[in-house]
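First up is the structure itself, then whatever we jot down about it.
The values are calculated or read from the model by the stated rules, or taken from the named source; none is laboratory data. Keep in mind the model is a prediction, meaning the values are calculated, not measured. Neighbour counts are summed over all protein chains in view; Cβ atoms, including those assigned to glycine, are modelled from backbone coordinates with ideal geometry. Note: areas computed on protein heavy atoms with side chains; ligands, DNA, RNA excluded. Shrake-Rupley method; radii C 1.70, N 1.55, O 1.52, S 1.80 Å.
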Amino acid sequence: QVHLVESGGGLVQPGDSLRLSCAASGFTLEHYTSGWFRQAPGGEREAVGCIESSDGTTYHADSLEGRFTISRDNAKNTLYLQMNSLKPEDTAVYYCAADLTRSTWYQFLLLDEDEFDFWGQGTQVTVSS
C-alpha cells in the first residue's frame, strides 16, 4: 500500500513558485521525522531538507539559498515544500520520505532510500523558459 503521495509538480518558468504536497496515510506524520529529496536527470539523490520529529526543528540545505521552505500540517497529515525563485537547476524529481527512529536531521538525510520507513513515488518539477 502507498503511504506517501507527492503532488504539485509541473512545468514552470525561472523565477516562478511551486508548492509541493506529500500526503501521508496509514501513519501519523507528526510522529516521524520527514523531509524532501530530489534527483535531477542524470544526477544523484540530493537532500532538500527535513522536519525533525523531536521538536519540529527544520533543516534546509544551504545550497538552496533560502529559496525553499519545508512545513507540515498535522491536521491534514501532509508535508509541504514551498519552492520560490525557481531556477533551471532545480529541475528534478522530488520525493518525500519519513522515518520513525532517525529523528535528527543528520541521521535522516544520510539514509539510503530502502532504509526509510516510507518513501514516495515522486513528482516531477521542470523549470524552463
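Tallying residues that are open to solvent by less than 60 Å² (accessible area, probe 1.4 Å) and either of a type outside the set (Gly, Ala, Ser) or outside any strand (DSSP E or B) (or both) within the stretch 2-13 yields 6. The set of residues in the stretch 98-127 that are touching a helix residue (DSSP H, G or I) at 6+ places or on another chain (Cβ under 6 Å) and either open to solvent by 70 Å² or more (accessible area, probe 1.4 Å) or part of a loop (DSSP other than H, G, I, E, B) (or both) contains only ARG102. Checking each residue in the stretch 74-129 for being closer than 12 Å to ARG38 by Cα, of a type in the set (A, V, I, L, M, F, W, C) and at pLDDT below 95 picks out only LEU109. Under the condition of being at positive phi and open to solvent by 80 Å² or more (accessible area, probe 1.4 Å), the residues counted in the stretch 31-64 number 1. Exactly one residue out of SER53, SER103 is of a type in the set (Ser, Thr, Tyr) and out of contact with any Phe, Trp or Tyr (no Cβ under 8 Å at 6 or more places or on another chain), and it is SER103.
Note on the stretch 30-45: residues that are modelled with pLDDT under 95 and touching a Lys or Arg at 6+ places or on another chain (Cβ under 7 Å) total 1. Remark: pairs (first residue in the stretch 104-124, touching a residue at least 40 places away in the same chain (Cβ under 8 Å); second residue open to solvent by less than 70 Å² (accessible area, probe 1.4 Å) and of a type in the set (Phe, Trp, Tyr); Cβ separation under 6 Å; 6+ apart in sequence or on different chains) = TRP105/TYR59; GLU113/TRP119; GLY120/TYR95; GLY122/TYR95; THR123/TYR94. In the stretch 15-25, is there at least one residue being over 17 Å from GLN121 (Cα atoms), touching a residue at least 40 places away in the same chain (Cβ under 8 Å), more than 16 Å from the chain's Cα centre (by Cα) and not in a strand (DSSP E or B)? Yes, there is a match, as at least one residue in the stretch 15-25 is over 17 Å from GLN121 (Cα atoms), touching a residue at least 40 places away in the same chain (Cβ under 8 Å), more than 16 Å from the chain's Cα centre (by Cα) and not in a strand (DSSP E or B). Among the residues of the stretch 72-92, those identified as open to solvent by 40 Å² or more (accessible area, probe 1.4 Å) and part of a strand (DSSP E or B) are ARG72, ASP73, GLN82.
The conditions of being aromatic (Phe, Trp, Tyr) and open to solvent by 70 Å² or more (accessible area, probe 1.4 Å) are not met by TYR95. Filtering the stretch 46-62 for residues that are touching a residue at least 40 places away in the same chain (Cβ under 8 Å), assigned to a strand (DSSP E or B) and under 20 Å from VAL12 (Cα atoms) leaves a non-empty set. The single condition from (1) open to solvent by less than 70 Å² (accessible area, probe 1.4 Å); (2) of a type in the set (Lys, Arg); (3) over 19 Å from PHE108 (Cα atoms) that ARG19 fails is (1).
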